[in-house]
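Notes follow the structure.
The values are calculated or read from the model by the stated rules, or taken from the named source; none is laboratory data. Just so you know, these numbers come straight off a predicted model, no measurement behind them. So basically every Cβ, Gly included, is an ideal-geometry build from the backbone, and we count neighbours across all protein chains shown. Quick note on the areas: whole protein, heavy atoms, side chains included, nothing else; ligands and nucleic acids left out. Shrake-Rupley method; radii C 1.70, N 1.55, O 1.52, S 1.80 Å.
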Amino acid sequence: GCVLVVSVIEQLAQWHNSTVKAAMERLCDYIPGKYQIMCHMLCCIDREMNADVVCHSLRLCKQDPGQPLCHLYSPPKKEKHSSGLFHALAHARPKCQIRSKSFMGFSSVCAFPLLANLCEKIKYVLRNKLPFEDFDGDKFSTFPTLRGYHWRGRDCNDKNTTVYPGRRPHNWDAKSDSNCNGIWGVDPKDGIPYEEKFCKGADSKGVVLLGDSAGAHFHIPPEWMTVTQMSAKSFDNLPMAFSDELDWPQFSEITGFLNSTIGGWTDSLYLRLRKRNRCNHRDLQNISQNGGSSGNLLSLIKSLARNQLLDYPAIVIYATIGNDVCNGERDTLAHMTTPKEMLSNVVKALQYLDSHLPNGSHVILTGLVDGRFLWDNLHDRYHPLGQLNKDVTYSQLYSFLDCLQVSPCSGWLTPNETLRNLTSERALQLSNVLKEIARSEKFTNFDVFYMDFPLKQTAEEWRKMGGEPWQLIEPVDGFHPSQIAAALGTGITWQKALDEWPQVLGKENPFNDQIEAIFKDQGGY
């Protein structure tokens, strides 16, 4: 974090030909309100010192005995080897020692009084994976972030626990909207409730994602660290992003429902199901977490909101596409999920779903991605931090994260081709476990299907549109699928379902146009 912020400040000074102090003030002016406190911490910056030197000087990076000094940038030119860093640090530390003592008390962002309240809310959300603002306790909210309606369909009455998206309508919603799809009341022409007239027998279904950071749609805006494009507008979305855990589920591949503001376009399974049957409005749940794997999904799944007796069936997408093989451990292979563990974890999750999903539901198991795509398409390209001076490639970023032992995936984000191949081999073994579960396991309340993660088809589709493969990867972290990849993936998944499992998607509702005509102003998100 320190290296990132210091890099941006130093590049702002360079781009605007200003002092470091002026650049820091400029950055602080860009950042909204109470978040400005974070950028006033670094007073030990010298244009002559690179970000690695500054941050090691502040002693913000823990270094175990015998561990190399981790660095993002090439060591200072005065020395040919990494000992150049030691030399630079020896000169930098006297300047920084006094300041670093006061700085260390604030090494956690949450230590700042202005941010402490928000941090407590985020900790609650991270612990429970439930909306922070939920007055009736039905697991749905009228508030967008902090696991609110960006993640689950918007509640239309947060004072009534029997009113929420996805339930079967109470008394055909003749008097009020009990399932929040915007369809309620009685047709004065014949006295029949609109919900009964338009949605009875319409095969309504919700969509639920059980997933990881790719499913939650992790994204760090590149304009936060690209000084040539930076302005106050660049950070308008910082408060929202912070309280959504740097995830953007409202634009995601499975549950996206708003027009993307982070590039590309939004296309999602939810939007297509809603278009197919307008009665499905708001029936979505994105139950994903950064770092989600088959193991920790067993606790995450308990935040599912579905009543077997009162609610409509659901299409559940089970998609932990990487974290069962991805970790930041030194001995990464030893910490990967084994096929036996995968089988146990997924079957337990499916048994839980069988006791909670209404009859007639469907589960689609998604295979793991082949992450060799990342190194193959990014390693020699410049990261947004390296574009100004052509001094940081993705290869350098991956090595830096690996050295710090915070790599999102030591097995794939590495120059070691053998290790990349072994990681993909394990990913394939785990995908085969999912395939076998779909083939052989039977459940009472849903059927199970399997599909490969459609990375290859997505890349081919994008190439036909004139795009480059690297554009399918998030530019800042160099790891997650981008907005373009998410939108293209939706079309491929939808077509597979139409071709092979049309029963999963339900029927097309012949009354969609009439519903839109009557309720166009009542179905807002």
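Things to note:
- Screening residue 448 with (1) more than 22 Å from the chain's Cα centre (by Cα); (2) among the aliphatic types (A, V, I, L, M); (3) assigned to a helix (DSSP H, G or I) gives one miss only, at (3).
- Meeting the requirement of 3 or more residues that are in contact with a helix residue (DSSP H, G or I) (Cβ under 8 Å, 6 or more places away or on another chain), under 26 Å from residue 182 (Cα atoms) and among the charged types (D, E, K, R), the helices (runs of 4 or more DSSP H) wholly within the range 198-291 are 269-276.
- Selection count where residues are touching a helix residue (DSSP H, G or I) at 6+ places or on another chain (Cβ under 8 Å), in a loop (DSSP other than H, G, I, E, B) and open to solvent by 30 Å² or more (accessible area, probe 1.4 Å), scope the range 390-424: 2
- Condition broken by residue 442, with the remaining ones in (1) part of a helix (DSSP H, G or I); (2) without any contact (Cβ under 8 Å) to a residue 24 or more places away in the chain; (3) open to solvent by 70 Å² or more (accessible area, probe 1.4 Å) satisfied: (1)
- Residue within the range 358-367 that is among the β-branched types (Val, Ile, Thr), in a loop (DSSP other than H, G, I, E, B) and out of contact with any Lys or Arg (no Cβ under 8 Å at 6 or more places or on another chain) present: no
- Which listed residue is in contact with a strand residue (DSSP E or B) (Cβ under 9 Å, 6 or more places away or on another chain) and not β-branched (Val, Ile, Thr), from 211, 191, 182, 148: 211
- Number of residues in the range 138-155 that are open to solvent by 40 Å² or more (accessible area, probe 1.4 Å) and without any contact (Cβ under 8 Å) to a residue 40 or more places away in the chain: the value is 2.
- Any hit, the range 320-328, residues being in a helix (DSSP H, G or I), open to solvent by less than 20 Å² (accessible area, probe 1.4 Å) and touching a Leu at 6+ places or on another chain (Cβ under 9 Å): no
- Of all residues in the range 368-389, those satisfying the criterion of being part of a helix (DSSP H, G or I) and open to solvent by 60 Å² or more (accessible area, probe 1.4 Å) are 372, 376.
- Of residues in the range 204-240 being buried (at least 24 other Cβ atoms within 10 Å of the Cβ) and β-branched (Val, Ile, Thr), the one farthest from the chain's Cα centre (by Cα): 227
- Residue match in the range 121-137 (condition: surrounded by 15 or more Cβ atoms within 10 Å (Cβ to Cβ), more than 26 Å from the chain's Cα centre (by Cα) and either of a type in the set (S, T, N, Q) or at pLDDT below 95 (or both)): no
- Just one residue in the set 306, 276, 272 is under 25 Å from residue 206 (Cβ atoms), touching an Asp or Glu at 6+ places or on another chain (Cβ under 7 Å) and surrounded by fewer than 23 Cβ atoms within 10 Å (Cβ to Cβ); that residue is 276.
- Selection within the range 158-183 - open to solvent by 60 Å² or more (accessible area, probe 1.4 Å) and touching a residue at least 12 places away in the same chain (Cβ under 8 Å): 159, 161, 162, 168, 171, 172, 176
- Test: residue 450 is touching a residue at least 24 places away in the same chain (Cβ under 8 Å), among the aromatic types (Phe, Trp, Tyr), out of contact with any helix residue (DSSP H, G or I) (no Cβ under 7 Å at 6 or more places or on another chain) and crowded, with 17+ Cβ neighbours inside 10 Å: no
- Listed by position, the helices (runs of 4 or more DSSP H) inside the range 1-102 whose residues that are modelled with pLDDT of 85 or more, of a type outside the set (Gly, Ala, Ser) and open to solvent by 60 Å² or more (accessible area, probe 1.4 Å) number at least 2 are 2-15, 20-30.
- The set of residues in the range 329-357 that are modelled with pLDDT of 95 or more, part of a loop (DSSP other than H, G, I, E, B) and not hydroxyl-bearing (Ser, Thr, Tyr) comprises 331, 336, 356, 357.
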